[in-house]
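Notes for the one structure printed next.
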Amino acid sequence: MALSSMTGFARADGVAGTYVWAWELKSVNAKGLELRLRLPPGWDSIEIPARNRAGETLTRGTVYANLSVSREGVAPAVRVNEPVLAAVLAAIEEIGQRVRAAPPSLDGILALRGIIEVSEPDESEEDRRVAEAAIMAGFNTAVAGLSEMRRREGDALGRVLTSRLDAIADLSRRAEAAPGRRPEAIKARLAEQVSLLLDASDRFDPDRLHQEAILMASKADVREELDRLASHVAQARGLLATGGSIGRRLDFLAQELNREVNTLCAKSNDVELTNIGLELKTVVEQFREQVQNLE
């Protein structure tokens, strides 16, 4: 299965009879799937099928879906509100009997609020059904376009994540071959530390000191951390090869990689190994940041 990003954009528009419509879809990162619909008044019947369609196609991400609809090529209906007009004329006549003034003009009367009502002509149920079907088909097209863009982004992310895993594996091999990890190097450092302690005081128990030296040597060994890094890298490669919605599992592996690198840095008492550990921390953080964009 292909990898998918959680970011993308798509647009679809069309005409159905007298209706002109357009969808715009945009998706960003999120822990789950959330569809945020903005529909014009009177088009609520689109919501449930749109949500169902998005859930069938997408797994994660916040998707903003905006629909605009207008009617074109239809002459507006103009109606005179007779009760309001009659009340206005009666008021003008009554005031004219008490106040000497020029009679009001026709355009002045018609400009008064509520006298002239402009509305769209009534739509037929058949036209409405045709428009709803076309708009829903347009949503399906937009979702497919969004999904395709997310897949292209996912392919690019897959290549980036693979390169980061390659870098982690390479740095792990460098850590494996670091001279400071050799038993003789560890033994020499411990012997030097023990010698310094014995020179500072002759009250140390040799047996206890020997036990502490063994404990220090075991704590300084990063063999376990390197093995776990290799295991996590192999698991991540396997997930990338499998594809699909693997973002959460890769995020967990990124946390595990970070934990092992932190432990490696804490155990290191060699400059070269410490520097390698710091490089590993940088690459693992880059890996984790990219994983956040994956579905």
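So if I check each of 17, 8, 42, which one is touching a strand residue (DSSP E or B) at 6+ places or on another chain (Cβ under 9 Å), within 12 Å of residue 294 (Cα to Cα) and not polar (S, T, N, Q)?
Of the residues listed, the single one that is touching a strand residue (DSSP E or B) at 6+ places or on another chain (Cβ under 9 Å), within 12 Å of residue 294 (Cα to Cα) and not polar (S, T, N, Q) is 8.
Please note which helices (runs of 4 or more DSSP H) are completely contained in the range 34-143 and include at least 2 residues that are touching a residue at least 60 places away in the same chain (Cβ under 8 Å).
Counting at least 2 such residues, we get 47-57.
Restricted to the range 56-79, and to residues that are over 22 Å from residue 13 (Cβ atoms) and at pLDDT 80 or above, which residue is surrounded by the most Cβ atoms within 10 Å (Cβ to Cβ)?
61
Tell me, please, whether a residue that is under 30 Å from residue 290 (Cβ atoms), among the β-branched types (Val, Ile, Thr) and modelled with pLDDT of 80 or more can be found in the range 122-137.
No, the range 122-137 has no match at all.
Say we look at the range 80-111 and pick out the residues that are among the aliphatic types (A, V, I, L, M) and touching a helix residue (DSSP H, G or I) at 6+ places or on another chain (Cβ under 7 Å); which of these is modelled with the lowest pLDDT? Spell out the reasoning first.
If we filter the range 80-111 for residues that are among the aliphatic types (A, V, I, L, M), which is where we start, we get 80, 84-92, 95, 99, 101-102, 106, 109-111.
From what's left, touching a helix residue (DSSP H, G or I) at 6+ places or on another chain (Cβ under 7 Å): 88, 109.
Details: 88: 81, 109: 78.
Among them, the one singled out is 109.
The values are calculated or read from the model by the stated rules, or taken from the named source; none is laboratory data. Just so you know, these numbers come straight off a predicted model, no measurement behind them. Note: ideal-geometry Cβ built from the backbone for every residue, glycine included; neighbour counts use all protein chains shown.
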